[in-house]
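The next block holds one structure in the form of structure tokens; read it before the comments.
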Amino acid sequence: MTATADVTLVVPAVPDSIAVIRQTVSGICEALGADARTVGDIKLAATEACTNVVLHAYAGREPGSIELDAFATEDELRLLVRDRGAGMTPAPMAEGLGLGLPLIAALTSTLTIIEPDEGGTEVSMTFALRDTNPDS
Amino acid sequence: MTGAGRIEATAVDGGWPVIALSGEHDLSTAPELRARLHEFAEADAVIIDLDETTFVDSSILGVLVGGLRRARESDLPFGIVLGDEAHPAIRRIFELTGLHDVFPIYPTRALAQAGLSGDGGPS
């Protein structure tokens, strides 16, 4: 069974779209009552996932889109960032620090990256919306 | 666009130039930041002021690391201003990436000017 996203957004895979997705995610988090630090972490992870799409997914191809699906429960937010591009390929390190995926991994409670049969890449990121450890 | 970032470069009489970032910065503003840094890179030290910055991602960190590397190659100082009142998200990404131990970070512009002058800055 496929879950229906609570929010879906499709934008061109260009740098200016990243802020659009970030602001959308921020609005979702605030509507769900997440604290400021959690909102910041989710904005950063979403930004890094979209940056990967803009930089790598459609390199040498027709420009494509970034697709965002957001699934929310009371305690958790799952973001699915999808492209229809080349799939995960080692990127020549022309610039950048290669910090995107490590940052996403550090910011998420679960991270899954798959390459669907129809092409592209799906990055699924789950975030806890409530701090379950009061000492942290 | 909401939260769009601005980059402002300011010459300082008797001090190092300051590049101040306000708002949110990501891949869309990284080229402008890189260009501003290149303006100073080979001739001058630079202070990057992040006190009014509300978001940066790894694209921006990559540009800053490039600026730091070029400054070190030219034996010029390079510092970042990140005060106690700075947005927590900025300190968070520096800590997550370990870059808070890589950059010279100062709590105010004045302390950055003084600290970098100690590295051989303008008299």
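No value in this document is a laboratory result; all are computed from the given coordinates. The shown structure was predicted, so the numbers you read here are calculated from the model rather than taken from an experiment. Neighbour counts run over all protein chains shown; Cβ positions are idealised from the backbone, glycine included.
A few comments on the model shown:
- A Förster radius of 22 Å, combined with the Cβ-Cβ distance separating residue B:32 from residue B:11, puts the computed FRET efficiency at roughly 0.80.
- Full extension of the chain between residue B:85 and residue B:114 yields a length gain of 8.4 nm, computed as 0.36 nm times the residue separation minus the alpha carbon distance.
- Estimated vicinal HN-Hα couplings, Hz - region B:75-80 in sequence order (Karplus 6.51, -1.76, 1.60; Gly, Pro = x): 6, 10, x, 8, x, 10
- Taking amide hydrogens as placed 1.01 Å from N in the peptide plane, the amide H of residue A:6 sits under 5 Å from those of A:70, A:71, A:72, each at least 5 positions away in sequence or on another chain.
- Put in line by how crowded their Cβ is, counting other Cβ atoms within 10 Å and starting with the fewest, A:112, A:126 read A:112, A:126.
- Restricting region A:1-51 to trypsin sites (Lys or Arg not before Pro) in coil, as DSSP defines it, with at most 10 other Cβ within 10 Å: none
- Charged side chains reduced to their Cβ positions (Lys and Arg at +1, Asp and Glu at -1) give chain A a dipole of some 260 debye around its Cα centre.
- Building the convex hull from the alpha-carbon atoms of the protein assembly as shown and averaging its projection over directions returns 15.1 nm².
- Point-charge dipole on Cβ atoms (K/R +1, D/E -1) for chain B, about Cα centre, debye to 20: 180
- Placing one equal scatterer on every Cα of chain B and applying the Debye formula, the log10 ratio I(q)/I(0) at q = 0.14, 0.16 Å⁻¹ is -0.52, -0.70.
- Cα long-axis angle, helix A:15-31 against chain A (0 to 90 degrees, to the nearest 10): 20
- DSSP-assigned coil residues among GluC sites (Glu not before Pro) in region B:35-123, each with at most 11 further Cβ atoms within 10 Å: B:42, B:85
- Dipole check for the protein assembly as shown: with +1 at the C-beta of Lys and Arg, -1 at the C-beta of Asp and Glu, and the Cα centre as origin, the magnitude is about 320 Debye.
- Whole-number percent relative contact order across chain A, with pairs defined as alpha carbons under 8 Å at least 6 apart: 27
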